[in-house]
Amino acid sequence: MRSRKPLLPAFLALAALAAPAYAQEQVNVPVETLDLQRYAGQWHEIAHLPMFWQRDCVGDITATYTPNADGTVGVRNACRTKDGKTDVSQGVARPVDAKPGALEVRFAPDWLSWLPMTWADYWVIDLDPEYQWAVVGGPERENLWILSRQPEMNRALFQRLKASAAMKGYNLRELKVMAPLR
């Protein structure tokens, strides 16, 4: 009869080697500080996880944020489609109480704003101190956008932001790069 005891030390050694990978996993939470005045303006999308609303976008993807007097933020998303036209969506974002880096965004008409399902989570999960790049996700880790103030991004920075998002639990297998990396 063969003894299974020699397998136990091998299993424990393998588990010990895997432990540091789990220990480095980062928590997926919004940034602790977000100055909406500094965040305002135009952002260029460098990459995103595929989503239905962006299925026709092939490039030149931008998001422009404009603070409103009532504390909300106007949102204008635009992209170039396959046929060369510009597709534009207008929406509004509102801050989430006690979570400075979290917003909820809505693209449905104002008269539907009372419905909870019209609002989607918009979490800034990583942000350059100078507000030159941002990574946006949410609690379910289904959506992800890597944004830049410039229409291109340094490849090493992009790889670092991807690695950070992966450590926060985002599945990046289908990440679509939509802008030049230099």
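The values are calculated or read from the model by the stated rules, or taken from the named source; none is laboratory data. Note that the coordinates shown come from a computational prediction; the quantities given were computed from them, not determined experimentally. Cβ coordinates were reconstructed from backbone atoms using ideal geometry, including for glycine residues, and neighbour counts include every protein chain displayed.
Here are the numbers for this structure:
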| quantity | calculated |
| --- | --- |
| Strands (runs of 3 or more DSSP E) completely within the stretch 116-182 that count 1 or more residues being farther than 11 Å from Ala47 by Cα and touching a strand residue (DSSP E or B) at 6+ places or on another chain (Cβ under 6 Å) | 120-127, 133-137 |
| Flag if Ala108 is of a type in the set (Gly, Ala, Ser) and closer than 22 Å to Ala179 by Cβ | no |
| Checking Ala165 against (1) more than 24 Å from Ser89 (Cα to Cα); (2) more than 9 Å from the chain's Cα centre (by Cα), the condition it does not meet | (2) |
| Residue in the stretch 73-81 that is touching a helix residue (DSSP H, G or I) at 6+ places or on another chain (Cβ under 7 Å) and within 25 Å of Gly169 (Cβ to Cβ) present | no |
| Total residues in the stretch 152-182, condition of a type in the set (Ser, Thr, Tyr) and within 20 Å of Gln54 (Cα to Cα) | 1 |
| Count of residues meeting criterion [in contact (Cβ under 8 Å) with a residue 60 or more places away in the chain and either out of contact with any Leu (no Cβ under 8 Å at 6 or more places or on another chain) or charged (D, E, K, R) (or both)] in the stretch 146-161 | 6 |
| All positions within the stretch 78-109 that are under 18 Å from the mean Cα position of the chain (by Cα) and within 11 Å of Cys57 (Cα to Cα) | Ala78, Cys79 |
| In the stretch 78-110, the residues that are in contact with a Phe, Trp or Tyr (Cβ under 9 Å, 6 or more places away or on another chain) and farther than 20 Å from Gln37 by Cβ | Ser89, Gln90, Arg106, Phe107, Ala108 |
| The listed residue being in contact with a His (Cβ under 8 Å, 6 or more places away or on another chain) and hydrophobic (A, V, I, L, M, F, W, C), out of Leu157, Leu144, Leu161 | Leu144 |
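One line per residue, one yes/no per condition, for (1) at pLDDT 50 or above; (2) aromatic (Phe, Trp, Tyr); (3) part of a helix (DSSP H, G or I); (4) closer than 26 Å to Pro139 by Cβ:
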site	(1), (2), (3), (4)
Phe11	no, yes, yes, no
Ala15	no, no, yes, no
Tyr22	no, yes, yes, yes
Asn28	yes, no, no, yes
Leu34	yes, no, no, yes
Pro50	yes, no, no, yes
Trp53	yes, yes, yes, yes
